[in-house]
Amino acid sequence: RPSGRAGLARVIVVLALALVVVLGAGAAVVVNSGLFAVTDVVVNGSDHIPQQTAEQLVAIPEGATLFNVSDEEVASALLQNPWVTGVDIERRFPHTIVVTPREREVAAVAYIVADDVAWAIGTDDTWIAPLSLSSTASSDSPTGDGASADDGAAADGASADDAGSNDGASADASADGVSATGAGASGSGSSSNLDAALKVASDNGAVLFTDVGTDVEPASGQKVDSEVVLAGLEYVRGFSDGFLAQIKDISLT
């Protein structure tokens with residue numbers, strides 16, 4: 001009897017191994033089967049990445065199926081764009097892949113007078129990319145409301161400094177070279193360009209940094225290393241959303 005049991009055990013093991021081999025071979029066939037070949041690729045754009053641009057950056061390997069296509073390979077080219085912080089890839093059976101870039105959120109826009117360009121800065125303290133400025137500010141430029149940061153705070157019975165400290169902003173922020181200013185940008189440069197920079201910042205839901213030092217050298221995808229700019233970002237984080245919405249620019253002197 002012991003030998004019979006041993007023989008039965010060997011038979012069971014052999015059958016189990018055979019089943020594993022069959023299932024593995026079947027899985028390989030399914031993974032590479034033309035039944036699930038990728039024949040339709042939908043690429044979405046985003047606020048700062050036109051759909052056409054995104055489509056040019058996405059390449060699906062020949063012979064790819066919904067099972068064997070690599071998410072990393074599909075996303076790699078898009079992730080080289082400084083605006084992109086992640087890529088969502090959705091599989092829709094039997095033949096469709098949907099690719100959607102996720103953008104960095106803009107914390108502030110820095111107007112560099114020397115280059116006459118406005119740079120977007122992400123909430124992760126990363127220089128994103130320069131933003132184009134129109135030659136003149138539009139009629140609905142943020143400067144048109146005539147309200148300064150002090151005026152907005154006064155409407156709530158508090159000064160800009162008081163509101164900043166109440167919202168957790170450091171009272172000594174000015175010691176780091178940061179000070180809030182009125183709605184009219186205080187930096188040097190033509191007023192039309194400053195108005196345009198204010199409009200760009202407003203369109204991106206961000207505050208404008210003016211009087212940015214000439215030693216600040218932005219580079220797409222690189223971390224901000226300027227202590228003054230970093231102090232400005234920290235200053236901004238100290239305000240509530242409601243109060244921050246009343247501030248049009250902050251001077252980094």
Amide H partners (placed H, <5 Å) of Thr126, local residues excluded: Val224
GluC sites (Glu not before Pro) within the stretch 31-83: DSSP coil, no more than 10 neighbouring Cβ in 10 Å: Glu62
Table column - 3J(HN,Hα) (Hz), the stretch 47-61, Karplus curve with 6.51, -1.76, 1.60, x for Gly and Pro: 4, 10, 10, x, 4, 4, 5, 4, 5, 5, 8, 9, 10, 9, x
Surface accessible to a 1.4 Å probe, Glu103 within the full protein complex, Å²: 50 Å²
Solvent-accessible ranking of Thr53, Thr85, largest area first, probe 1.4 Å: Thr85, Thr53
Centre separation in Å (Cα based) which lies between the stretch 63-131 and the stretch 214-253: 22 Å
Amide hydrogen neighbours beyond the local backbone of Val43, cut-off 5 Å, H modeled: Val99
Residue order for Arg102, Arg91, Arg5, Arg10 - accessible surface, 1.4 angstrom probe, largest first: Arg5, Arg10, Arg102, Arg91
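The values are calculated or read from the model by the stated rules, or taken from the named source; none is laboratory data. Just so we're clear, the structure is a prediction, and the values are computed from it rather than from any experiment. Reconstructed Cβ throughout: ideal geometry from the backbone, glycine too, with neighbour counts over all protein chains shown. With ligands, DNA and RNA removed, areas are computed over all heavy atoms of the protein, side chains included. Shrake-Rupley method; radii C 1.70, N 1.55, O 1.52, S 1.80 Å.
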